[in-house]
1. With the requirement that a residue be of a type in the set (Phe, Trp, Tyr) and modelled with pLDDT of 85 or more, what does segment 143-159 give you?
2. Every residue in segment 48-95 that is among the small types (Gly, Ala, Ser) and modelled with pLDDT of 80 or more, please.
3. Determine, yes or no, whether GLU9 is assigned to a helix (DSSP H, G or I) and either touching a Ser or Thr at 6+ places or on another chain (Cβ under 8 Å) or free of Cβ contacts under 8 Å to residues at least 12 places away in the same chain (or both).
4. If you go through segment 16-43 one residue at a time, how many are in contact with a Gly (Cβ under 7 Å, 6 or more places away or on another chain) and under 12 Å from ASN79 (Cβ atoms)?
5. Can you work out which of the residues in segment 1-39 that are touching a helix residue (DSSP H, G or I) at 6+ places or on another chain (Cβ under 9 Å) and among the small types (Gly, Ala, Ser) is surrounded by the fewest Cβ atoms within 10 Å (Cβ to Cβ)?
Amino acid sequence: MSKEEELAELAEYYKTRKMIFKICWKYVRRYGGDIEEYISEGNAAYIRAHRTYDPNMAKFSTYLWHCVSNACSNLVKKNRTVQINTDLAHSTIEKKKPNSFLMIFQDLPEDAKIVVRLTLDTPIELANLCKGNSACNFRVALQKYLQQLGWHEYRISRAFREIRTTLG
């Protein structure tokens, strides 16, 4: 590679480094993590994009944007997997919660048991609240159903909170 080609590649990188930084910063703000790790992935994606770029398919900046975004998304997924595995190890070692659903269920207060039963054995009236709506949030439908049964908002939120704290 001649000196002129190297300078042209370096100039092209300097044109796109601001875009790489913006994409990486967006992922840091949204998902957290170390900016240097994202920029490192972004730079590696730049090198891969530069090697595999086909000018007949798209503009280089568009192609690079997709490559860097995919690299950052993969980093987020990798970090989440590690975090979930770490959290799982800590929860089983430190808390030593019982594994049996029945043991956990017995510890719940009565209102929380009712909510769990409704969730596991959904009545037709509750299912009809979501009928025809593919994006129905089951929790919202369950809250509406409990309100129809005469439960107050405080009682509903307390039952959900008790379930959440028991399950950890």
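1. Correct list: TRP151, TYR154.
2. Once the filter is applied, which keeps residues that are among the small types (Gly, Ala, Ser) and modelled with pLDDT of 80 or more, segment 48-95 yields ALA49, ALA58, SER61, SER69, ALA71, SER73.
3. The answer is no for GLU9.
4. Here the count works out to 0.
5. Applying the filter and picking the extreme gives GLY32.
The values are calculated or read from the model by the stated rules, or taken from the named source; none is laboratory data. Here the structure is a predicted model, which is why all the values come from computation and not from measurement. With ideal geometry, Cβ positions are generated from the backbone for all residues, glycine too; neighbour counts draw on all protein chains shown.
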